[in-house]
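Structure, as structure tokens:
The values are calculated or read from the model by the stated rules, or taken from the named source; none is laboratory data. Computed from a prediction, not measured in an experiment: that's the story for all the values here. Please note: Cβ atoms are built from the backbone with ideal geometry, for glycine as well, and neighbour counts cover all protein chains shown. Areas reflect the complete protein model, heavy atoms only, side chains present, ligands, DNA and RNA absent. Shrake-Rupley method; radii C 1.70, N 1.55, O 1.52, S 1.80 Å.
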Amino acid sequence: MYHAKTWKEKVTLFFAILWPIMVTQISFYAMNLVDTMMSGRVGTNDLAGVAIGSSLWLPIFTGINGILLAVTPIVAQYMGSGRREKISESVIQALYLSVFLAILVVIGGIFLLDPVLMLMNLDFAVYHISFHYLVGLSIGIIPLFAANVLRNFFDAQGFTRITMIITILAVPFNVLLNYGFIFGKFGLPALGGIGAGYATAITYWIIFFFSIWMTFKVEVVRHYRLFIKWVIPSWKAWKEQLAIGIPIGLSIFFESSIFAVVTLMIGMMFTTVTVAAHQIALSFTSLIFMIPLSISMALTIVVGFSVGGKKYQSAKQYSHLGVWGGIGILAVGAIFLYFFREQIAYLYTQDPQVVQLAGQFFIIAIVYQISDAAQSGLQGVLRGYKDVKIPFITAFISYWLIGIPSGYALASYTYLGPFGFWIGITLGLTCAAIGFFVRLRIVLRRISNEPVEVN
């Protein structure tokens, strides 16, 4: 990382950080995509079961990872201000925190998983697959969260290629493990959709061990002496990280949970075919969303680094570059999605009824993705400023007080049916984008009297 001066240097640095994050995010999501696609090849029940299981897991996963994402602006601002000696201790404390949070999630799952699934009144086959998919997945929760702390540590310093290499190495393992556990290959039991959970959990362990190996192997991070120089757990350090991380985690949770809640409501109100079609549309559009999400993560790094060095004009320029870039990319992706929506659906299933319904979901998804790109980029900028509390309130109002209620009303009381939920999601995301934009204007006005760099 360095403080770029010219626009050309800023664009070069931004894309040097961005493209490995993008490869990493797409690779990570490709693992989920493989779960869904391979499960769909077994049968509609397996596809629906994995869809329900993923929908329960996703908001928890993204919420906890959002809390751990506090490592990124903390380390980035330490880097920007030249206080690098504080980085190692912050990362070790975050590792302790990640294990503690993972244990809480596992304990919560032991007591709550079965009651939650029972409330949904699912077909027994779908219930069985969802339950055991999540049981298998739970084996990898601790290494997953710990590995994400290390990822944030690498990324915050601009070493995004390290995470990219780790993920690229892990993807083939995930594909082979899914193939083995789902279809019973390589001497493994044929578990159908349930096998995707075990395959993903083992992959999480592989990623964790690769991440540890990189802390010893790569010279630019070896001097931090992670896993060699330990410190005792500190509530004060946890409190600092939680003060930033909890609002981030809750903001991400509120966003991801609207998709999870919609999936669960569709599962309760409509047929298994509708659940499968919804999951196909959600799965592929979420893959496309990895691009603006990657831009958001890169924005947190470069904006945080600039703010740490009091380079506020640079932070503003990076913001324009990233937010408008994300919106433009999603606009192009929307055109592709419109013309190839049914061909994409056939990658998941051969059921023509599911394909036709998924194509209709895709049309609505085209609209909401633009708002999703805008709100994601703006959140990334705000996190770089460590401004997280007001965005958290904005996210809650937009997603849970506007998005979910309006979607439910449209689905229940109009002819739109399940499509009403997706229109509600669009409204929530649009309101969030507007709210984050207003908040960013306030933040920029607040620091307008601070000295800026002379380029």
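Within the accessible area of the stretch 245-380, the carbon and sulfur atoms contribute 71%, probe 1.4 Å, all protein chains present.
Treating each Cα of the stretch 298-359 as an identical point scatterer and summing with the Debye formula, the log10 of I(q)/I(0) at q = 0.18 Å⁻¹ comes to -0.68.
Here is how the number arises for the chain: DSSP H runs of 4 or more residues each give -39500 (n - 2.57), the sum is divided by the residue count, and the result at 222 nm is -28500 deg cm²/dmol.
SER54: net charge of surrounding residues, Cβ under 14 Å, Lys/Arg +1, Asp/Glu -1, itself excluded? It would help to have the intermediate numbers written out before the result.
Working: positive: none; negative: ASP35, ASP46.
Here the charged neighbours net out to -2.
Placing unit charges on the Cβ atoms only, positive for Lys and Arg and negative for Asp and Glu, gives the stretch 11-118 a dipole magnitude near 320 debye about its Cα centre. A Förster radius of 25 Å, combined with the Cβ-Cβ distance separating ARG83 from TRP324, puts the computed FRET efficiency at roughly 0.20.
Compute the Kirkwood hydrodynamic radius of the chain, taking the inverse of the mean of 1/r over all pairs of distinct Cα atoms, and give it in Å to one decimal.
22.3 Å
For GLU219 and VAL106, the FRET efficiency from 1/(1 + (r/R0)^6), where r spans their Cβ atoms and R0 equals 30 Å, is about 0.25.
So for ASP114, ASP46, what's the accessible-area order with a 1.4 Å probe, most first?
Values: ASP114 60, ASP46 25 Å².
If we order ASP114, ASP46 from most to least accessible, we get ASP114, ASP46.
Think of the chain as having a plus end and a minus end, set by charges on the Cβ of Lys, Arg, Asp and Glu; of GLY187, TRP57, MET38, TRP57 sits farthest toward the positive end of this dipole.
Let me check against my output: what whole-number percent is the relative contact order of the chain, with C-alpha pairs under 8 Å and at least 6 apart? Can you show the working numbers first?
On the way: 711 pairs, mean separation 102.2, N = 455.
Averaging sequence separation for qualifying contacts and normalising by length gives 22 percent for the chain.
Overall, the anisotropy analysis places the stretch 301-450 in the oblate class: the square-rooted eigenvalues a ≥ b ≥ c of its C-alpha gyration tensor yield a/c not less than 1.5, with a/b not exceeding b/c. Compactness of the stretch 244-305 was expressed as the Cα radius of gyration divided by 2.2 N^0.38 Å, which yields 1.44. Calculated over the stretch 154-252, the projected area of the Cα convex hull averaged across directions stands at 9.0 nm².
The charge dipole of the chain, taken about the Cα centre with unit charges on the Cβ atoms of Lys, Arg (+1) and Asp, Glu (-1), comes to about 1660 debye, rounded to the nearest 20.
Note on exposure: ARG446, ARG439, ARG84 ranked by accessible area (1.4 Å probe, complete protein assembly) read ARG446, ARG84, ARG439, with the most exposed listed first.
Based on the Cβ-Cβ distance of PHE209 and TYR415, what FRET efficiency does E = 1/(1 + (r/R0)^6) give at R0 = 35 Å, to the nearest 0.05?
Working: r = 53 Å, r/R0 = 1.50.
E(calc), rounded to 0.05, equals 0.10.
The chymotrypsin sites (Phe, Trp or Tyr not before Pro) of the stretch 351-455 that meet both conditions, a loop assignment by DSSP and at most 12 other Cβ atoms within 10 Å of the site Cβ, are TYR415. Which listed residue (VAL99, TYR413, LEU440) has the Cα farthest towards the positive end of the charge dipole for the chain, taking +1 on Lys and Arg C-beta and -1 on Asp and Glu C-beta about the Cα centre? Highest projection toward the positive end goes to LEU440. Straight Cα distances below 14 angstrom link LYS311 to the aspartates and glutamates GLU450, GLU453, with same-chain residues fewer than 8 positions distant left out. The dipole here belongs to the stretch 207-255: it is taken about the Cα centre, uses +1 on the Cβ of Lys and Arg and -1 on the Cβ of Asp and Glu, and is about 300 debye. The mean sequence separation of alpha-carbon pairs under 8 Å and at least six residues apart, normalised by the residue count of the stretch 305-425, gives a relative contact order of 24 percent. Using only the Cα atoms of the stretch 225-333, build the gyration tensor, take square roots of its eigenvalues as a ≥ b ≥ c, and label the shape rounded, prolate or oblate: rounded if a/c is under 1.5, else prolate if a/b is larger than b/c, else oblate. The shape class here is oblate.
Rolling a 1.4 Å probe over the protein heavy atoms gives the chain an accessible area of 41 Å² per residue.
Would you kindly state how much longer the chain becomes between ARG446 and VAL231 on full extension, computed as 0.36 nm times their sequence separation minus their alpha carbon distance, in nm to one decimal? Don't skip to the end; give the middle numbers.
Values: separation 215, 0.36 × 215 = 77.40 nm, distance 3.70 nm.
Result: 73.7 nm gained on full extension.
Once a ≥ b ≥ c are taken as the square roots of the eigenvalues of the Cα gyration tensor of the stretch 102-201, is the result rounded (a/c under 1.5), prolate (a/b larger than b/c) or oblate (a/b not larger than b/c)?
Working: a/c = 3.08, a/b = 1.42, b/c = 2.17.
It is oblate, given that a/c is not under 1.5 and a/b is not larger than b/c.
Using a probe of 1.4 Å on the protein chains alone, the accessible area found for GLU240 is around 80 Å².
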